[in-house]
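The values are calculated or read from the model by the stated rules, or taken from the named source; none is laboratory data. Keep in mind that what you see is a predicted model, and the values were worked out from it rather than measured. For neighbour counting, all protein chains shown are included, and Cβ atoms are generated from backbone atoms with ideal geometry for every residue, glycine included. Protein only, heavy atoms only, side chains kept; ligands, DNA and RNA dropped before computing areas. Shrake-Rupley method; radii C 1.70, N 1.55, O 1.52, S 1.80 Å.
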Amino acid sequence: MAKNNNKQLLTLLKFEQSKVEKAENALRSAENDYQQNLTRLQSVSDYRLEYMSRLSERTALGLDSATYNHYHAFINKLDNAAEQVRIAMNQAKALVEQSKALWIKQRQKVQAVEMLTDKRNAALMKIESKKEQGMFDEISTQQFLRRKSSH
């Protein structure tokens, strides 16, 4: 019975540990997605600044209205792209927080099962120790009785 309970705890521990690994992978993936969105946003922002610089240079040299409108339309597209990336980045950040909370919760489950396993092992060792002590006491008693009867 005791060994069966121990096997069940070990099985539960392995199961919960595999869930921790899955939670870690999900968290890592969410963090990578967030970082990629940060990089995308920086790239779009850098490109917008570069394009604005070109517009300033061209304006200083003289610019017709069609070209000016083309520059502004493209800058608006870059602004829209940046906004889409910000939305994706916020969603990725929320997913990171959610994944982190799930990982922490799962890690706590593993720690609880580990603690229960440790307590169970300690109890089994105590029982085993009592059995051994009983055997030693029995052997000692028998030796005493043999010596006493031989005298």
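Okay, here's what the table says:
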| quantity | calculated |
| --- | --- |
| Local electrostatic count at Lys93 - Lys and Arg +1, Asp and Glu -1, tallied over other residues with Cβ under 11 Å | -1 |
| Per-selection Rg to Rh, the chain - Cα, Kirkwood hydrodynamic radius | 1.59 |
| Angle in degrees between helix 65-150 and the longest Cα principal axis of the chain, rounded to the nearest 10 | 10 degrees |
| Farthest toward positive dipole pole in the stretch 53-122 [+1 Lys/Arg, -1 Asp/Glu at C-beta], among Tyr71, Met89, Thr117 | Thr117 |
| HN-Hα J in Hz across the stretch 44-57 - Karplus 6.51, -1.76, 1.60, θ = phi - 60°, x for Gly and Pro | 5, 5, 4, 5, 4, 4, 4, 5, 5, 5, 4, 4, 4, 4 |
| Thr11 accessible area, assembled protein chains, probe 1.4 Å, Å² | 90 Å² |
| Neighbourhood charge, 15 Å Cβ-Cβ cut-off, centred on Glu83 and excluding it, Lys, Arg +1 and Asp, Glu -1 | +3 |
| Cα gyration tensor of the stretch 80-129 - equivalent ellipsoid semi-axes, whole Å, descending | 48, 5, 4 |
| Using a Förster distance of 41 Å, the FRET efficiency for Ala123-Gln91 (Cβ separation, nearest 0.05) | 0.30 |
| Value of [θ]222 nm, deg cm²/dmol, for the chain, DSSP H segments ≥ 4, -39500 (n - 2.57) each, nearest 500 | -37000 deg cm²/dmol |
| With DNA, RNA and ligands ignored, accessible area of Ser65 (1.4 Å probe; Å², nearest 10) | 90 Å² |
| Entries in Lys7/Lys105; Lys93/Lys119; Lys109/Lys131; Lys105/Lys131; Lys14/Lys119; Lys7/Lys126 that, when Cα-Cα distance is taken, lie over 29 Å | Lys93/Lys119; Lys109/Lys131; Lys105/Lys131 |
| Debye, to nearest 20: dipole size of the chain, +1 on Lys, Arg Cβ, -1 on Asp, Glu Cβ | 1240 debye |
| Relative contact order %, the stretch 31-115, counting alpha carbon pairs below 8 Å whose residues are six or more apart | 50 percent |
| Probe 1.4 Å, accessible area per residue of the stretch 50-131, Å² | 72 Å² |
| Rounded to the nearest 10 Å², the accessible area of Ile87 at probe 1.4 Å | 70 Å² |
